[in-house]
Amino acid sequence: MSEEKVATRLDPMPTPDSQFFWDAAEKEIFMGQRCAGCKTYLHPPRPMCPKCNSLDQEHVELSGKGTVYSWVMPQHPKVPVFDYPLVTALIDLDEGTRFLSNIVGCTPEEVSVGMRVVVTFEPTAGGKKVPVFKPEGAAQ
């Protein structure tokens, strides 16, 4: 009989600007913020658009697809709430913004700059969910 993995990731700590993002993640929906004035995608969420200084924002569902821009494998000290080997990557989302997350569903040797990835969600110790990325076309 296989043993079920126990979630150890810490729960997110939402701010007033990011609450919408984490509420959607709990439902496995990948949301983003976009300036209602100039339509620039913003991440992390913030009260003012850095491009046009507008205070008007939209919360929009994102495709959840992107490309690995860069990645690292943190080694020391190991953080007990993560499984190792751990791949941390900057993802260039198809919508034009960059997102920091982990790559799951493959070995570190399979990760490469330019690799296509898609969002998936992992549980936290407190029953929440956080977005991570897996290779596009990989099994759930």
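The values are calculated or read from the model by the stated rules, or taken from the named source; none is laboratory data. Note that the structure is a prediction, hence the values are computed from the model and not measured. Positions of Cβ are backbone-derived with ideal geometry, glycine not excepted, and every protein chain shown enters the neighbour counts. Surface areas here come from the heavy atoms of the whole protein model, side chains and all, with no ligands, DNA or RNA. Shrake-Rupley method; radii C 1.70, N 1.55, O 1.52, S 1.80 Å.
Is there a quick way to get the dipole size of region 42-107? I mean about its Cα centre, with the Cβ of Lys and Arg at +1 and of Asp and Glu at -1; what is the value in debye to the nearest 20?
Numbers: 5 positive and 7 negative charges, 59 e Å.
For this selection, approximately 280 debye.
For region 1-137, state the average projected area of the convex hull of the C-alpha atoms over all orientations, rounded to one decimal in nm².
Numbers: hull surface 38.2 nm².
Mean projected area for region 1-137: 9.5 nm², to one decimal.
Could you size up the charge dipole of region 1-117 around its Cα centre, putting +1 on the beta carbon of Lys and Arg and -1 on that of Asp and Glu, and report it in debye to the nearest 20?
Rounded to the nearest 20 debye, it is 400 debye.
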Binning at 5 angstrom from zero up to the longest distance, how are the C-alpha pair distances of region 1-70 distributed in percent? 3, 14, 20, 18, 17, 12, 6, 3, 2, 2, 1, 0
Unit charges at the beta carbon, dipole of the chain: most positive-side option, Tyr41, Met31, Val132: Tyr41
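In percent, what relative contact order does the chain have, based on Cα pairs under 8 Å that are 6 or more apart in sequence? Each step should come with its number before you reach the end.
Values: 267 pairs, mean separation 35.5, N = 140.
That works out to 25 percent.
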With a 4.7 Å Cβ cut-off, tell me which Cys residues in the chain come up empty for a partner. Cys106
Which of the trypsin sites (Lys or Arg not before Pro) found in region 53-98 are loop residues per DSSP with 15 or fewer other Cβ atoms within 10 Å of their Cβ? Lys78
Taking every DSSP beta bridge that has both residues in the chain, what percent is antiparallel when rounded to the nearest 5? 95 percent
Test of the criteria: in region 51-133, which chymotrypsin sites (Phe, Trp or Tyr not before Pro) are in a DSSP loop and have at most 10 other Cβ atoms within 10 angstrom of their Cβ? none
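Calculate what fraction, in whole %, of the accessible area of the chain sits on carbon and sulfur atoms when a 1.4 Å probe is rolled over the protein chains. If you can, show how the numbers build up before the last one.
Details: 4670 of 8450 Å².
About 55 percent, which is the carbon plus sulfur part of the accessible surface.
How many Å² of accessible area per residue for region 29-106, probe 1.4 Å? Display every interim value, and only then the final one.
Numbers: 4370 Å² over 78 residues.
Roughly 56 Å² per residue, with all protein chains present.
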Within region 122-138, which residues have the backbone N less than 20 Å from the label spot 7 Å out from Asp11 along Cα→beta-carbon, could you tell me? 122-132
Quick one: length gained pulling Val81 to Ala36 fully straight, 0.36 nm per residue minus the C-alpha distance? 12.5 nm
Of the residues Gln57, Met13, Thr107, the Cα lying farthest along the dipole of the chain towards its positive end, which is defined by charges on the beta carbon of Lys, Arg, Asp and Glu, belongs to Gln57
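Give me the Kirkwood hydrodynamic radius of region 52-120 in Å, from all C-alpha pairs, to one decimal place?
After inverting the pairwise mean of 1/r, the radius is 13.6 Å.
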